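Peer 1: Input: one structure, supplied below.
The values are calculated or read from the model by the stated rules, or taken from the named source; none is laboratory data. Since this is a predicted model, take the numbers as computed values, not measurements. Glycine also receives a Cβ, built like all others from the backbone with ideal geometry; neighbour counts cover every protein chain displayed. Just the protein is used for accessible areas: all its heavy atoms, side chains included, with ligands, DNA and RNA removed. Shrake-Rupley method; radii C 1.70, N 1.55, O 1.52, S 1.80 Å.
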Amino acid sequence: LLFFCANAVAASFEATVLTPAGKPVEDAAVVLDPVSGAVPKRPRTATIEQRDLEFIPYVTIVQTGTMVEFPNRDPLKHHIYSFSPAKLFEIKLYAGKPMQPVLFDKPGEVALGCNIHDWMEAYVLVVNSPYFAKTGSHGNALIRNVPAGHYRLRLWHPRQKAEGPLRAIEVGAAPARLDLVADVTPRVSKPKPPVESAGY
């Protein structure tokens, strides 16, 4: 009974991610990996749209085993692909919704592109842990229902200049929060034509 109660204790973990200059970092992944014990498997479906000749969202975090759908909301065709070792795939020229979602079955970083529209890019971070969150425009990320225990914290961003070392943290019964620093390069907007003149 005591063991069950100890494992039933859970709290939230909040992180604020800033640049070295103190500006909020959007689209940073904050991941808590349990140091010991079985890692719960909670893969869910995720969606990455193509809309206005862009991938939305720019960054997606999923647990290993998640099926990701790629609906095309544009009035033209896209040909999406990834050459990343964690997930090598392509969905050839298509409109609407592909017949089958894509299974992300290995942990790692996955860069997405469109073979027709070179400016389109997005990223998927595949992790083994179910405890993760992505920062919003104010640099805040909130992970709810984290069981009490010891974790390794990973901070990741697709434009980070260098990935920092894992950080050991302990989560107890009370909410916890940390301020983190990530040195990332600014996102440069690539020119693109209007949707109606982009071809395909």
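Peer 1: Considering lysine pairs in the range 83-200 that are 8 or more places apart or on different chains, how many have Cα atoms under 28 Å apart?
Peer 2: Lysine pairs, 8 or more places apart or on different chains, close enough: 20.
Peer 1: Check each of the trypsin sites (Lys or Arg not before Pro) in the range 1-105 and keep only those in coil by DSSP with at most 11 other C-beta atoms within 10 angstrom; list them in order.
Peer 2: Those that pass, being in a loop and sparsely packed, are Lys41, Arg44.
Peer 1: Send over a whole-number figure in Å² for the accessible area per residue of the range 129-188, probe 1.4 Å.
Peer 2: 58
Peer 1: Can you give the relative contact order of the range 5-118 as a percent, counting alpha carbon pairs under 8 Å and 6+ residues apart? Walk me through the intermediate numbers first.
Peer 2: Working: 169 pairs, mean separation 23.1, N = 114.
In percent, rounded to a whole number, it is 20.
Peer 1: In whole Å, largest first, what are the principal axis extents of the Cα atoms in the range 27-66?
Peer 2: So the three principal-axis extents are 44, 20, 8 Å.
Peer 1: Also, quick follow-up: Compute from the Cα atoms of the chain the Rg and the Dmax, the latter being the longest Cα-Cα distance, and quote both in angstrom.
Peer 2: 18.5, 65
Peer 1: Let me ask something else about it. Roughly to the nearest percent, how much of the accessible area of the chain is carbon and sulfur, given a 1.4 Å probe? Can you show the working numbers first?
Peer 2: Details: 6080 of 10980 Å².
Here it works out to 55 percent.
Peer 1: If the chain between Gln100 and Leu142 were fully stretched, how many nm would it gain, using 0.36 nm times the residue separation less the Cα-Cα distance?
Peer 2: Residue separation times 0.36 nm, minus the Cα-Cα distance, leaves 12.0 nm.
Peer 1: Using the Cβ atoms and a cut-off under 14 Å, what net charge is assigned to the surroundings of Ala11, where Lys and Arg are +1 and Asp and Glu are -1?
Peer 2: Numbers: positive: Arg144, Arg177; negative: Glu14, Glu170.
The answer is 0.
Peer 1: Using a probe radius of 1.4 Å on heavy atoms only, what accessible surface per residue do you get for the range 52-113? Whole Å² is fine.
Peer 2: For the range 52-113, the per-residue accessible area is 48 Å².
Peer 1: Just add up the charged neighbours of Gln50: K/R +1, D/E -1, any other residue whose Cβ is under 10 Å from the Cβ of Gln50.
Peer 2: Overall, the nearby charge balance is -1.
Peer 1: Same structure again: With n ≥ 4 as the cut-off for DSSP H runs, can you work out [θ] at 222 nm for the chain, using -39500 (n - 2.57) per run divided by the number of residues, rounded to the nearest 500?
Peer 2: -1000 deg cm²/dmol
Peer 1: Which of the chymotrypsin sites (Phe, Trp or Tyr not before Pro) across the range 99-171 are loop residues per DSSP, with 15 or fewer other Cβ within 10 Å?
Peer 2: Here the sparse-neighbourhood loop sites are Trp119.
Peer 1: Amide H neighbours of Val181 under 5 Å, counting only residues 5+ apart in sequence or on other chains, H built in-plane at 1.01 Å?
Peer 2: Leu18
Peer 1: Right, something else. List residues of the range 165-200, by number, whose backbone nitrogen lies under 12 Å from a label position 7 Å along Cα→C-beta of Leu18.
Peer 2: 179-182
Peer 1: OK, next. Amide H of Gly139 versus every other amide H placed in the peptide plane: which residues, excluding those fewer than 5 positions away on the same chain, fall under 5 Å?
Peer 2: Sorted by chain and number, the residues that satisfy this are Val25.
Peer 1: For the range 130-198, just say rounded, prolate or oblate: build the C-alpha gyration tensor, square-root its eigenvalues into a ≥ b ≥ c, call rounded for a/c under 1.5, and beyond that prolate if a/b exceeds b/c, oblate if not.
Peer 2: Cα axes put the range 130-198 in the prolate bin.
Peer 1: Which whole number of Å³ per residue matches the convex hull of the alpha-carbon atoms in the range 60-114?
Peer 2: 74
Peer 1: To continue, here is another question. Using Cα pairs under 8 angstrom and six or more residues apart, how large is the relative contact order of the chain, in percent?
Peer 2: Across the chain, relative contact order equals 32 percent.
Peer 1: Full extension from Ala162 to Ile56: what is 0.36 nm times the residue separation minus their Cα-Cα distance, to one decimal in nm? Can you show the working numbers first?
Peer 2: Numbers: separation 106, 0.36 × 106 = 38.16 nm, distance 2.47 nm.
Additional length available on full extension: 35.7 nm.
Peer 1: If you bin every alpha carbon distance in the range 1-109 into 5 Å steps from zero, what whole percent lands in each bin?
Peer 2: 2, 9, 14, 18, 15, 13, 11, 8, 5, 2, 1, 0
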